[in-house]
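Trainee: One structure is given below, represented as structure tokens, and several questions about it will come after.
The values are calculated or read from the model by the stated rules, or taken from the named source; none is laboratory data. Not measured: the values here are computed from a predicted model. Ideal geometry is used to build each Cβ from the backbone, glycine not excepted, and the neighbour counts take in all protein chains shown.
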């Protein structure tokens, strides 16, 4: 089912948190939300989940509004992680799954599978407060996906995890997608979104600055990057027509150019000077696009 | 199973199994058992002691035997013995612990008894008082004999005056009934007061815990906040009824068993001999209504704080309301018919205690408690509607401040425009 966000606006008093946002999130796809703190990501998620009413606009999933009758099919990992500190993992995960409409026995079986998968079966009878923060996050993730949701909303799923656990969780998210779950997730790590999402949206001050499929965004951006490593000085390239930005590195230079044809000219220009150890034409990174569109560094 | 019942059962079971609940209940049970078995306990401890032994040095020689008779008739635990030695020897004996006290009695210039009492400490006044009272009676008798009064004349002099209070209103309570009602109402008021404070606090804590541990956001994405709020209120309500049932059941059984030893004493003053059913029914009704009123208030106040530490500050005004209601009710026990009490008993936040007090003490026309109950129900519904809206916004709000301005902010969060 398609998740459709149509002209959503949310105001808190005089402050506009989300401004006229329209998105279409196709079924079985992974959709990435990027944006600085306060860009309106969490507010958008809360409106998608029906926790908050929008000031204007409409959000539908498969043509119907999302409310408590659809909560069986929706999973949510909030940005502010939270579980009952005093309850045992098993008790609370089963409780939360039952609130999503799952049967008790099934929930227990699924929980065992997930704990097995995350290599922590012994946590079932531990209290949450006894677990490390990273492990608590695994439990939190299980709480969001245990009931096999069709639409999964992950607010900063990888923040605060070590690289090993990031990989573990990423793999789990990709598996869910393979099994047909529509996933919307936000991250402040550009590379995660770049790596995992077909579609994305960059939010800035409540409004979408860029949105569409990753390939289209990169294509329409036009600009490319060139990385050159050479034994001679490359400083004269700063003034070369078509070069927008330059950054000196230890081994050479990084250039941002207006298009592919400039790269060709660049190569011809420097060949006579001597030995070139590396010449690479690269797609622009999301970070480049973000900086370009928002006008400020992201991280 | 419906989600409402899942939350209700979860709240009820997890609280019931919690250590703090089990310990509180056990301690309260012990106290109740101790109180209801008070006379047994006291007898047990007294068994070992032989009673107080007082030596008497009687200078006149005529006072000792009537005094001994008099004292031992009143309290058989006090033993008087005539001392053969002089005052100093008696004092030494007391210092050595042989006796508990020394009484020097003599006749004064008008041939009436007077006395001095010596003991290691005079902190325990009961013994000295009993001896003094006995001596007083002896003195009265002696003085009467001196004045040549016959025992009949003496009895006439001391006969208490007949004084009976009668109410003219048809079904007004008799004086005896009033005294009994006062005791019962007093105890039940305490029960209502404590349990409303206790369980309303529990609700506020529960909500604040879920909010501060941030599990709230998951909960409200599964189940509507309003459903959650009421499931929680009912769950804790059920818990309170369970606790009450256990405590009252054990208390009642224990009183029943010990009734013989308590007859006529402290307990009949509290009106436990013959408990009027209506008072109990009203107590239950007003307890339940009071609980719902204050727990709804507590739930939405709890939803406004971000940290557990702030919860006490937030619910203090509510606690003040309960304390004020209780104070007015206590004051009203002595004069339940003053207009101030009557008017206050219709104010919803005071009604659970005040109207209960009035209905227990006075013979009110039936419409009065029913009107108060209706006012309470309407207030609870209004508070629930308002509280649910605050709760819905409040649970999403994580701020530093804990002021009542937050209520406005919380309402804004749920507003459409």
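Trainee: Might you let me know whether the range B:57-78 holds any residue that is farther than 23 Å from residue B:140 by Cα and part of a helix (DSSP H, G or I)?
Mentor: No; the residues of the range B:57-78 include none that is farther than 23 Å from residue B:140 by Cα and part of a helix (DSSP H, G or I).
Trainee: Still on this structure: Hey, can you tell me all the residues within the range B:339-360 that are in a helix (DSSP H, G or I) and touching a residue at least 24 places away in the same chain (Cβ under 8 Å)?
Mentor: B:351, B:352, B:353, B:354, B:355, B:356, B:357, B:358, B:359, B:360
Trainee: Would you confirm whether any residue within the range B:234-242 is under 28 Å from residue A:129 (Cα atoms), touching a helix residue (DSSP H, G or I) at 6+ places or on another chain (Cβ under 7 Å) and within 14 Å of another protein chain (Cβ to nearest Cβ)?
Mentor: There is at least one residue in the range B:234-242 that is under 28 Å from residue A:129 (Cα atoms), touching a helix residue (DSSP H, G or I) at 6+ places or on another chain (Cβ under 7 Å) and within 14 Å of another protein chain (Cβ to nearest Cβ).
Trainee: Same structure again: Residues that are closer than 22 Å to residue A:182 by Cβ, crowded, with 16+ Cβ neighbours inside 10 Å, in contact with a helix residue (DSSP H, G or I) (Cβ under 6 Å, 6 or more places away or on another chain) and more than 12 Å from every other protein chain (Cβ to nearest Cβ): does the range A:122-132 have at least one?
Mentor: Within the range A:122-132, none of the residues are closer than 22 Å to residue A:182 by Cβ, crowded, with 16+ Cβ neighbours inside 10 Å, in contact with a helix residue (DSSP H, G or I) (Cβ under 6 Å, 6 or more places away or on another chain) and more than 12 Å from every other protein chain (Cβ to nearest Cβ).
Trainee: Which residues, counting only those in the range A:197-213, are surrounded by fewer than 20 Cβ atoms within 10 Å (Cβ to Cβ), outside any strand (DSSP E or B) and in contact with a helix residue (DSSP H, G or I) (Cβ under 7 Å, 6 or more places away or on another chain)?
Mentor: Once the filter is applied, which keeps residues that are surrounded by fewer than 20 Cβ atoms within 10 Å (Cβ to Cβ), outside any strand (DSSP E or B) and in contact with a helix residue (DSSP H, G or I) (Cβ under 7 Å, 6 or more places away or on another chain), the range A:197-213 yields only A:198.
Trainee: On to the next question. Take the residues in the range A:63-77 that are under 23 Å from the mean Cα position of the chain (by Cα) and either over 15 Å from residue A:181 (Cβ atoms) or at the interface with chain B (Cβ under 8 Å from one of its Cβ atoms) (or both); name whichever of them is surrounded by the most Cβ atoms within 10 Å (Cβ to Cβ).
Mentor: A:76
Trainee: Can you tell me which condition residue B:127 does not meet? The list is (1) farther than 15 Å from residue B:70 by Cβ; (2) in contact with a strand residue (DSSP E or B) (Cβ under 8 Å, 6 or more places away or on another chain), and all the others hold.
Mentor: Going through the list (1) farther than 15 Å from residue B:70 by Cβ; (2) in contact with a strand residue (DSSP E or B) (Cβ under 8 Å, 6 or more places away or on another chain), residue B:127 breaks only (1).
Trainee: Return only the number of the condition from (1) assigned to a helix (DSSP H, G or I); (2) modelled with pLDDT under 80; (3) surrounded by 13 or more Cβ atoms within 10 Å (Cβ to Cβ) that residue B:173 does not satisfy.
Mentor: Residue B:173 satisfies every listed condition except (1).
Trainee: Report yes if residue A:82 is within 14 Å of another protein chain (Cβ to nearest Cβ), outside any helix (DSSP H, G or I) and either surrounded by fewer than 16 Cβ atoms within 10 Å (Cβ to Cβ) or at pLDDT 90 or above (or both), otherwise no.
Mentor: no
Trainee: Turning to a different aspect of this structure: For residue A:232, are the conditions met, namely being over 30 Å from residue A:31 (Cα atoms) and either in contact with a helix residue (DSSP H, G or I) (Cβ under 9 Å, 6 or more places away or on another chain) or in contact (Cβ under 8 Å) with a residue 60 or more places away in the chain (or both)?
Mentor: yes
Trainee: Out of the residues in the range B:398-410 that are within 12 Å of chain A (Cβ to nearest Cβ) and farther than 16 Å from residue B:229 by Cα, state the one that is modelled with the lowest pLDDT.
Mentor: For the range B:398-410, the residue satisfying everything is B:398.
Trainee: Let me ask you something else. From A:9, A:16, A:24, which residue is farther than 16 Å from residue A:74 by Cα, touching a residue at least 40 places away in the same chain (Cβ under 8 Å) and surrounded by fewer than 17 Cβ atoms within 10 Å (Cβ to Cβ)?
Mentor: A:16
Trainee: Are any residues in the range A:157-173 touching a strand residue (DSSP E or B) at 6+ places or on another chain (Cβ under 8 Å) and at pLDDT 90 or above, and if so, which ones?
Mentor: A:173
Trainee: Condition test on residue A:28, is it in a loop (DSSP other than H, G, I, E, B) and either within 25 Å of the chain's Cα centre (by Cα) or more than 10 Å from chain B (Cβ to nearest Cβ) (or both)?
Mentor: Yes; evaluated as a whole, the condition is true for this residue.
Trainee: Those residues that are under 36 Å from the mean Cα position of the chain (by Cα) and loosely packed, with under 11 Cβ neighbours inside 10 Å, I need them from the range A:262-278; list them, please.
Mentor: A:277, A:278
Trainee: A follow-up question, please. How about the range B:313-330: which of its residues are surrounded by 14 or more Cβ atoms within 10 Å (Cβ to Cβ) and touching a helix residue (DSSP H, G or I) at 6+ places or on another chain (Cβ under 9 Å)?
Mentor: Scanning the range B:313-330 gives B:314, B:315, B:318, B:319, B:321, B:322, B:325, B:326, B:328, B:329, B:330.
Trainee: Let me ask something additional. What tally of residues in the range A:100-121 results from selecting those that are closer than 15 Å to residue A:140 by Cα and within 8 Å of chain B (Cβ to nearest Cβ)?
Mentor: 1
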